[in-house]
Amino acid sequence: MRIAISTGGGDAPGLNAVIRAAVLSAVHRGWEVMGIRRGYHGLLGEDEVVTLNADSVRGIAHLGGTILRTTNRGNPFRWPVPQPDGSVLEVDRSDELLENARQLGIDAVITIGGDGSLKLAQQLFEKGLRIVGVPKTIDNDVAGTVSTFGFDTAVNTVLEAIDKLHTTAESHDRVIVIEVMGRHAGFIALHAGLAGTADVILIPEIPYDIERVCEKIRARDRAGRRFSIVVAAEGAFARGGSPYLVERASSGGAARLGGIGDAVARAIEERTGKETRSLVLGHLQRGGQPTGYDRLLATRFGGAAVVAVANEKWGHMVALQSPHIVTVPFTEVLRQPKRVALDHDVVQTARATGISFGD
Ligand code: F6P
């Protein structure tokens, strides 16, 4: 048996722990393991396919990033080919990918990725690739699993920032708005905000009214709490509005989420007269050592992915359905993205403890 591992999409702490566990579990069964570098680039001649063995994964479980590198560009079904006139043509290179995998004697692929990578995995599975998935993302927006690995580490990074910002906000009687990642899901903001005892949490699932946010800040002032901490998910937006976007040439002109922190800070300062600062935590949330929780979850996922291959669970993703690791078909996972449920106890407890969602 020869399997290959690929890491795709944005990196997340714990990727290396998954790779390590999968490689060691496979080697333990007497299988051979290959690593496809940079998503699927390695299988399309745009990067390499390398051999992985026990030596290649020694001492990596605690490291952030991925030893296989990753990319959130390079969809083999829509591969961008620049044209002489400056335009870009998208070509389908999926047949080439499958043929190269066949020539390398790859019997099965373990793809470690978020919903984008899992969509690709489903398409490749439909073309006949024997593939299983592992849910990765700091955003925790993959359905079918209680948690993705990487999420807990990101929450802890945000929590550390909130703790530090609390003392300086309080010393200066300031409002500080922290913009955190999460794409169109509010899990990072909600979990870190509640654990960090923020005063306002803005998430995409609950469109806010800036006046309600200011009311909360004024009420705290009246109660002698002259500082406030606002945690804003990058995908949050005002009622009747739309998410804040930034454009970057490096993303091929594609818009990315961002800018809510500064916009909300300005609005609060204008309306309340309080000195307000903002901070974008950005990619800090994707780096660093995975927490113990993420390292363990990633290791369990890596081991379970090899079991899924052994059981020929093609087209399935390993998932945490506490306390067990199970497998869920990609089709079920992809039916709809996971979002914060408004009746969840985390939301209710946040409200009950006085946190405002600006609604
Ligand atoms: O999906 C993970 C994530 O970090 C999101 O939270 C964020 O919106 C996005 O990726 C950032 O992507 P990039 O690495 O391209 O800036």
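Throughout, read-outs are computed from the coordinates displayed, never taken from laboratory work. All values reported here derive from a predicted model rather than from experimental measurement. Neighbour counts are summed over all protein chains in view; Cβ atoms, including those assigned to glycine, are modelled from backbone coordinates with ideal geometry.
Data table
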{"read-out": "Given charges at beta-carbon only (K, R positive; D, E negative), |dipole| of the chain in Debye", "value": "460 debye"}
{"read-out": "Candidates Ser171, Ser278, Ser56: whichever shows maximal mean-square fluctuation once the chain is modelled as a Gaussian network with Cα springs under 10 Å", "value": "Ser171"}
{"read-out": "Exposure proxy ranking, count of Cβ atoms within 10 Å, fewest first, for Met34, Met317, Met181", "value": "Met34, Met181, Met317"}
{"read-out": "Relative packing of 190-202, 303-315, which averages over residues the other C-beta atoms within 10 Å, highest first", "value": "190-202, 303-315"}
{"read-out": "Candidate lysines for bridging to Lys127, where Cα separation is under 27 Å - those fewer than 8 sequence places away on the same chain excluded", "value": "Lys119, Lys136, Lys313, Lys338"}
{"read-out": "Net +/- balance of residues flanking Ile36 in space, Cβ distance below 13 Å, scoring K and R +1, D and E -1", "value": "+1"}
{"read-out": "The chain: calculated mean residue ellipticity at 222 nm from DSSP helix runs of at least 4, using -39500 (n - 2.57)", "value": "-11000 deg cm²/dmol"}
{"read-out": "Mean shadow area of the range 191-320, taken as a quarter of the surface of its Cα convex hull (nm²)", "value": "11.8 nm²"}
{"read-out": "Packing-based exposure ordering (other Cβ within 10 Å, fewest first) of Asp359, Asp294", "value": "Asp359, Asp294"}
{"read-out": "Cβ-based exposure ranking for Thr71, Thr66, in which fewest neighbours within 10 Å come first", "value": "Thr71, Thr66"}
{"read-out": "Percentage relative contact order, the range 190-296, counting C-alpha pairs under 8 Å, at least six apart", "value": "21 percent"}
{"read-out": "Over the range 275-359, relative contact order from alpha-carbon pairs under 8 Å, at least 6 apart, %", "value": "14 percent"}
{"read-out": "Inter-site label distance for Glu211 and His344 at 7 Å from Cα along Cβ, in nm", "value": "3.0 nm"}
{"read-out": "Spin-label pair Lys127/Asp92, simplified geometry with 7 Å Cα→Cβ offset, distance in nm", "value": "0.8 nm"}
{"read-out": "Percentage of interatomic Cα-Cα distances in the chain larger than 27 Å", "value": "49 percent"}
{"read-out": "Computed P(r) (all Cα pairs; the range 21-90; 5 Å bins; percent)", "value": "3, 14, 19, 18, 17, 11, 6, 5, 4, 2, 0"}
{"read-out": "Note, ³J(HN,Hα) from phi for the range 142-152, Karplus 6.51, -1.76, 1.60, rounded to Hz, x at Gly and Pro", "value": "9, 6, x, 10, 4, 8, 9, 7, x, 5, 4"}
{"read-out": "Between the range 304-359 and the range 1-39, the Cα center-to-center distance that results, in Å", "value": "22 Å"}
{"read-out": "For the chain, built as a Gaussian network whose Cα springs stay under 10 Å, the top-fluctuating residue of Arg69, Arg256, Arg295", "value": "Arg256"}
{"read-out": "Contact order relative to length of the chain, as percent, for alpha carbon pairs under 8 angstrom and 6 or more apart", "value": "22 percent"}
